[in-house]
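The values are calculated or read from the model by the stated rules, or taken from the named source; none is laboratory data. What you see is a predicted model; the values in this text were computed from it and never measured. Backbone-built Cβ (ideal geometry, glycine too); neighbour counts: all protein chains shown. Side chains are part of the model used for accessible areas, which takes the heavy atoms of the whole protein and leaves out ligands, DNA and RNA. Shrake-Rupley method; radii C 1.70, N 1.55, O 1.52, S 1.80 Å.
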Amino acid sequence: MTSLDTRLRAAHPCFWHNPDYYPSAPVNDAVGIRQAAERLTRFAPCIRALFPGTGDGIIESPLSRADNFARALENYWGMPVTGTLWLKRDNELPISGSIKARGGIHEVLKYAEDLALSAGLLHQEQDYRCLLDEKVRALFARHTLAVGSTGNLGLSIGTMAAHLGFQVDVHMSADARQWKKDRLRQLGVRVHEYEDDYSRAVAEGRRLAEQDPDCHFVDDEHSLDLFTGYGVAGRRLKAQLDAKGIIPSAEHPLIVYLPCGVGGGPGGVAYGLKQELGPHVHCFFVEPVQSPCVLLGMMTGKGAELTVEEYGLNNRTAADGLAVGRPSALVCRLMQPILAGAMTVEDQQLFRLLTLLQDSEGIKAEPSAMAGAGGMHQLLQQTEWQQLATQAHHLLWLTGGSMVPTEEHRAYYRKGQA
Ligand SMILES: *Cc1c(COP(=O)(O)O)cnc(C)c1O
C-alpha cells in the first residue's frame with residue numbers, strides 16, 4: 001500500500017488490485033441496461049434515416065484480432081505478449097467516432113423519446129421515423145440539451161441532438177481540441193469555452209441549465225442514462241464473441257482494458273460485460289499517471305470527495321478524454337465488486353503505442369484510446385496474473401480516434417516516432 005502510494009504520488013506507472021473484487025458477483029439489472037438496448041432498437045429506423053452511414057441504424061463497432069499489433073508490442077516491450085489480442089474498435093463507431101457514441105447518444109434519444117411520448121406525438125410501437133416530422137421537430141426546437149465535456153461527449157450529444165432539431169449548449173474545457181469545437185459550431189451548436197479544467201465546465205453547464213426548465217443537462221458524473229447506454233456494449237460484445245466461437249472460461253478468461261476518464265464509459269461497459277459474461281471476464285480501468293481519479297476514489301474509498309490535485313498530481317495529460325481530476329461517485333460505488341483493478345500509464349507511452357498500432361494494423365486511434373495497451377503491459381508484469389494471462393483473450397477497448405483530422409493524427413504519429 002505505502003509503496004503503491006509513493007509510486008502514485010510520483011506519477012510512476014502503477015498497478016492497483018481491487019481488494020473488493022468478487023469475480024462472480026451477481027449483477028442485476030436495476031440500472032436498466034435491457035431497457036436501454038430496447039430503446040436503441042426502437043430508434044434504429046430513425047437513426048438510419050438521419051445517418052445513412054450507420055447501415056441498419058444500430059451504432060456498433062467491429063471486434064477484430066490483432067496478431068500484428070501483439071508482435072509489435074513484444075518487440076517494443078521486449079517481453080512475450082501471451083494469449084490472444086483483440087481490439088474493440090469504438091474508434092470507428094458511427095456518428096462521433098468514439099465510445100461516447102454509446103452513452104451520449106442514448107441519453108439524447110431517451111430525452112427525445114420522453115418528450116415526444118408525453119406530448120402525445122409518439123407511441124412506442126410506432127415507426128420512430130415519425131420523430132423527424134415537422135410537428136415533433138418544432139417540439140424539440142423549443143428544448144435544449146446541455147453538457148460539459150472534454151470533447152468527445154460534446155461531439156456525440158451535439159451531433160445527435162442537433163440532427164433531431166434540439167438547441168444545444170456544449171461547455172468545453174480548455175484542453176478540448178479545436179476541430180471538435182469547429183465541427184459542433186458548424187452544426188449550429190453553441191460552444192462555450194472555459195480556461196479551467198473539465199469539472200469546472202461541467203459545474204458551469206449544470207448551473208446554467210438549472211435555470212431553464214426546458215433544458216436537459218447531461219450529467220457525466222451522475223447520469224444513469226449515459227451509464228446504461230454504455231452498458232449495452234456488454235450484450236453486443238457477447239454476440240460478437242459468440243459469432244467467433246469464443247466463450248470465456250476459467251481456462252481462457254477474457255481480460256478487458258478500458259481507458260478511463262470520469263468512469264462512466266468504462267464503468268457502463270464493465271457492468272454490461274459482467275452481466276453477460278459472469279466470472280470469466282476481468283475488467284481493468286487505465287488512467288494517465290497524472291489523472292488516476294477513479295483509481296484513487298476506489299482505493300481510498302473517498303469516491304468523488306477526492307481530486308487528483310488534492311493528492312498532489314496535476315491532472316495534465318495529452319489524453320484529452322482522460323484529463324479528469326474527480327471521478328463519478330456513482331461509478332466508484334457500482335464498480336466496487338465488479339472491477340478487477342486499475343493501472344496508470346505515461347503520456348509518452350500513449351503516443352508510442354499509437355504509432356505502433358498505426359504501423360502494425362493501419363488503425364487510427366487517439367492518444368486516450370491507447371491507454372488500454374499500456375494497462376496490459378502492467379498486467380503482464382504482475383506475477384499473480386501472469387499464469388492466467390498466458391491463455392487469456394486480451395481485449396483492448398479502442399475508445400476513439402477515427403474522426404481525428406488527418407493532419408492532427410499525423411502529428412500524434414510523429415510524436416510517437418520520436
Ligand atoms: C470519454 C473517453 C474515455 C473515458 O470515458 P469516461 O466516461 O470519461 O471514463 C476514454 N477514451 C476516450 C477517447 C473518451 O473520449
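Quick notes on this structure:
- Packing here is the average count of other Cβ atoms within 10 Å per residue, and on that basis the peptides 127-134, 223-230, highest first, run 223-230, 127-134.
- Degrees between helix 152-164 axis and first principal axis of the chain (Cα, 0 to 90, nearest 10): 20 degrees
- With contacts taken as Cα pairs under 8 Å at a separation of at least 6 residues, segment 59-129 carries a relative contact order of 27 percent.
- Working from Cα pairs under 8 Å separated by at least six residues, relative contact order for segment 326-396 is 26 percent.
- A crude spin-label estimate for the pair Thr300 and Tyr21, with each label 7 Å from Cα along the Cβ direction, gives 2.2 nm.
- Beta bridges assigned by DSSP with both partners in the chain are antiparallel in approximately 15 percent of cases.
- Rolling a 1.4 Å probe across all protein chains gives Val191 an accessible area of roughly 20 Å².
- Length-normalised contact order for segment 184-266 - Cα pairs under 8 Å, 6+ apart - percent: 23 percent
- Arg190 contributes an accessible area of around 100 Å² to the protein surface, as traced by a 1.4 Å probe with all chains present.
- Pairs of alpha carbons in the chain separated by more than 26 Å make up 51% of all such pairs.
- Residue separation of Gln382 and Arg410 scaled by 0.36 nm, minus their Cα-Cα distance, works out to 6.7 nm of gained length.
- Candidate aspartates and glutamates for bridging to Lys415, where Cα separation is under 17 Å - those fewer than 8 sequence places away on the same chain excluded: Asp320, Glu346, Asp347, Asp359, Glu366, Glu407
- Helical mean residue ellipticity (222 nm; -39500 (n - 2.57) per DSSP H run of 4+; nearest 500) of the chain: -14000 deg cm²/dmol
- Percent accessible area from carbon and sulfur atoms, segment 157-276, protein chains only, probe 1.4 Å: 46 percent
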